[in-house]
Amino acid sequence: MELHILEHSLKVASIAKEGIQICTHGLIKLAFLPSKTRCKFFSLTETPEDYTIIVDEEGFKELPESEHLSVAEATWLALNVVSGGGSSSSSQPIGVTKIAKSVIAPLADHNISVFMLSTYQTDFILVRERDLPMVMHTLSSEFTLLRVVNGETVAANSLGVSNGFVKPKMVQRPIIHPLSSPSNMFCVTSLNPDTLPTVATLLMDVMFYSSGVKEPGTATEDSGHIRFFSFSLIEGYISLVMDEQTTRRFPNNVLFTSASGELWKMVRIGGQPLGFDECGIVAQISEPLATADIPAYYISTFKFDHALVSENPTQLSQRHTQHP
């Protein structure tokens with residue numbers, strides 16, 4: 001298999017709920033007018049606590065300075081595992097549980113913190129730019145390492161890393177953070193970018209206005225439901241994660257769905273904000289799922305992590321391959 005190191009230099013940021021209106025103009029440009037920004041990597045995820053933004057340097061210029069905007073200190077790079085060659089958006093993705101033991105666990109063993117973003121098309125493993133030499137050393141024995149430069153895939157340089165690293169001892173990773181599971185079910189889907197203008201008003205309402213004037217974290221009619229919505233526009237491909245109730249607001253035949261209409265149960269990881277320095281959180285969750293052959297998506301946000309597990313874990317789900 002190949003490990004592609006994408007060329008995007010990424011920022012991870014949090015926008016407080018009460019400050020979202022300050023950033024709405026820039027976010028609308030990033031989501032709906034990408035030709036106006038030159039942004040190639042953009043993701044927005046709303047949770048009960050805040051909005052998490054993952055965006056490349058071009059896109060970051062669209063966000064205003066604000067006391068409501070918190071930015072993680074590091075610059076991040078996105079890694080993408082590709083099975084069978086080709087580009088990350090055209091090859092069959094293999095799912096977060098399928099890379100748990102080959103990518104996520106080895107990085108955790110080397111004390112490399114990761115930030116995960118699963119999308120409808122594939123899974124992105126974000127690592128700090130400064131950790132790239134260790135990342136390449138750790139994964140070079142299992143993967144062909146390639147870098148994307150100006151849209152072309154080329155062999156990755158070794159960065160001078162050849163020896164001097166001690167092989168870590170394999171350790172048990174018990175779950176140390178509390179887990180919770182909201183009652184709403186979720187759908188991981190996509191849509192053809194050509195149809196985006198037809199649902200732009202609806203999407204803007206879902207992204208920015210559906211919460212009304214409730215305070216952050218306020219319970220809905222069903223206290224077991226949580227507010228969670230994720231929109232990603234990465235290299236021209238759109239990915240959406242929303243609860244079942246929200247999907248019903250969209251016209252028929254606009255969203256890509258599996259034939260079975262598969263829904264996903266969410267597990268939220270963390271009682272207090274997790275931070276960015278602790279290693280092994282993703283591995284703690286993904287390794288047991290991989291062992292049990294349970295498909296899953298995984299979305300890290302600024303404060304908490306979120307795993308989406310198949311409602312029917314006994315039936316291994318294949319990620320969708322239809323693209324616009």
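The values are calculated or read from the model by the stated rules, or taken from the named source; none is laboratory data. Note that the coordinates shown come from a computational prediction; the quantities given were computed from them, not determined experimentally. Neighbour counts are summed over all protein chains in view; Cβ atoms, including those assigned to glycine, are modelled from backbone coordinates with ideal geometry.
Out of region 28-56, which residues are of a type in the set (Asp, Glu) and either in a loop (DSSP other than H, G, I, E, B) or loosely packed, with under 15 Cβ neighbours inside 10 Å (or both)?
GLU49
Can you find even one residue in region 13-27 that is in a strand (DSSP E or B) and under 18 Å from GLU235 (Cα atoms)?
Among the residues of region 13-27, not one is in a strand (DSSP E or B) and under 18 Å from GLU235 (Cα atoms), which makes the answer no.
Determine, yes or no, whether ILE285 is outside any loop (DSSP other than H, G, I, E, B), under 23 Å from ILE54 (Cα atoms) and modelled with pLDDT of 95 or more.
In short, no.
Results for (1) charged (D, E, K, R); (2) in a strand (DSSP E or B); (3) modelled with pLDDT under 90; (4) surrounded by fewer than 23 Cβ atoms within 10 Å (Cβ to Cβ), shown as yes or no for each residue.
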residue: THR97; (1), (2), (3), (4): no, no, yes, no
residue: SER102; (1), (2), (3), (4): no, no, no, yes
residue: LEU107; (1), (2), (3), (4): no, no, no, no
residue: LEU117; (1), (2), (3), (4): no, yes, no, no
residue: LEU132; (1), (2), (3), (4): no, no, no, yes
residue: VAL135; (1), (2), (3), (4): no, no, no, no
residue: SER141; (1), (2), (3), (4): no, no, yes, yes
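Consider PRO197 against the criteria (1) out of contact with any strand residue (DSSP E or B) (no Cβ under 9 Å at 6 or more places or on another chain); (2) surrounded by 12 or more Cβ atoms within 10 Å (Cβ to Cβ); (3) modelled with pLDDT of 70 or more: it satisfies all of them except one. Which criterion is unmet?
Condition (2) is where PRO197 drops out.
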